[in-house]
Amino acid sequence: MLVLRPEQLAVIEQHMVQSRQRRVERAIAASFPELSSVDPSAGQRVPGEQVKGIVERGVQSAAGLGIEEAPDLAAFIALGLALRTVPPETPTDWIKSWLARPDTPGATKLAIIEAQLAQSGVENPALSLVAKRVAHARQQVLV
C-alpha cells in the first residue's frame, strides 16, 4: 500500500494548482491574442506577464464564486475580459446577478450565463462576440 506523507501531498497539490494555472494562462493567451505574444520556436501564443497577472486575479475572484475547474476558470476570466470590450449600453447586469447567487454552484452559474449569452448573441452582436470568446477559452483548456 502506498502511503504519502503530508509534505508529499502538499507538493502534489501545489503541482496540480500550477498545472491548472498554466493551462488557463495558455487558454487566455490563445483567446485574447492582443494580450499575448507568439513564440517563434513553437509558433503558438504564449502568455506574458499581463496574462499571468490577469489569470492570477481571476482565479482568486473565481474562488469566491465557487468556480474551480480549469475550463470554468478560463470561461470566467474570458467573460470578464470580453465584457470590457462591449459598448456601455449593452445590457450585462444579468450576468453579475447570476454570478452573485450564493446558492448556485459556480459551474452552473457559468453554464447558464454561457447559454443566455449564446441566445442573446443572436440579437446583439456585442454579446455574440463575448459568447465566442468565452467558448473559445473554455475549449482551449481542453486542447
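Any read-out appearing in this document is the output of simple, stated calculations on the displayed coordinates, not a laboratory observation. Worth saying up front: this structure is predicted, and the values here are computed from it rather than measured. Note that we place each Cβ from the backbone using ideal geometry, even for glycine, and neighbour counts take in every protein chain shown.
For the reader, a short list of remarks on this structure follows.
- Stretched out straight at 0.36 nm per residue, the stretch from Met1 to Lys132 would grow longer than its current Cα-Cα span by 42.4 nm.
- Of [x] 47; [y] 16; [z] 23, the label for percent of Cα pairs over 28 Å apart derived from the coordinates: [z]
- Couplings 3J(HN,Hα) for region 125-137, derived from phi with the Karplus relation 6.51 cos²θ - 1.76 cosθ + 1.60 (θ = phi - 60°), are x, 5, 6, 4, 5, 4, 4, 5, 5, 5, 4, 5, 4 Hz, where x marks Gly and Pro.
- Every helix of 4 or more DSSP H residues in the chain counts as -39500 (n - 2.57), and over all residues that averages to -22000 deg cm²/dmol at 222 nm.
- Order of Ser31, Ser61, Ser97 - criterion: other Cβ atoms within 10 Å of each residue's Cβ, fewest first: Ser97, Ser61, Ser31
- Sites Arg22 and Val86, calculated FRET efficiency, Cβ-Cβ separation with R0 30 Å, nearest 0.05: 0.55
- Proximity of backbone amide H atoms, modeled 1.01 Å from N, is registered between Ser37 and Val46, Gly48 at under 5 Å, excluding neighbours fewer than 5 places apart on the same chain.
- Taking a straight Cα-Cα cut-off under 17 Å and skipping sequence neighbours fewer than 8 places away in the same chain, the aspartates and glutamates within cross-link reach of Lys109 are Glu68, Glu69, Asp72, Asp93.
- Rounded to the nearest 20 debye, the dipole magnitude of the chain is 160 debye, with +1 charges on Lys and Arg beta carbons, -1 on Asp and Glu beta carbons, and the Cα centre as origin.
- Karplus-derived 3J(HN,Hα), 6.51/-1.76/1.60, for each residue of region 83-89, Hz, glycine and proline x: 5, 5, 9, 7, x, x, 7
- Relative contact order for the chain, counting Cα pairs under 8 Å that sit 6 or more residues apart, in percent: 27 percent
- Per-residue packing, averaged as other Cβ atoms within 10 Å, sorts the ranges 133-140, 69-76 into the order 69-76, 133-140, beginning with the highest.
- ³J(HN,Hα) computed for each position of region 94-99 - Karplus, 6.51 cos²θ - 1.76 cosθ + 1.60, integer Hz, glycine/proline x: 4, 5, 4, 4, 5, 5
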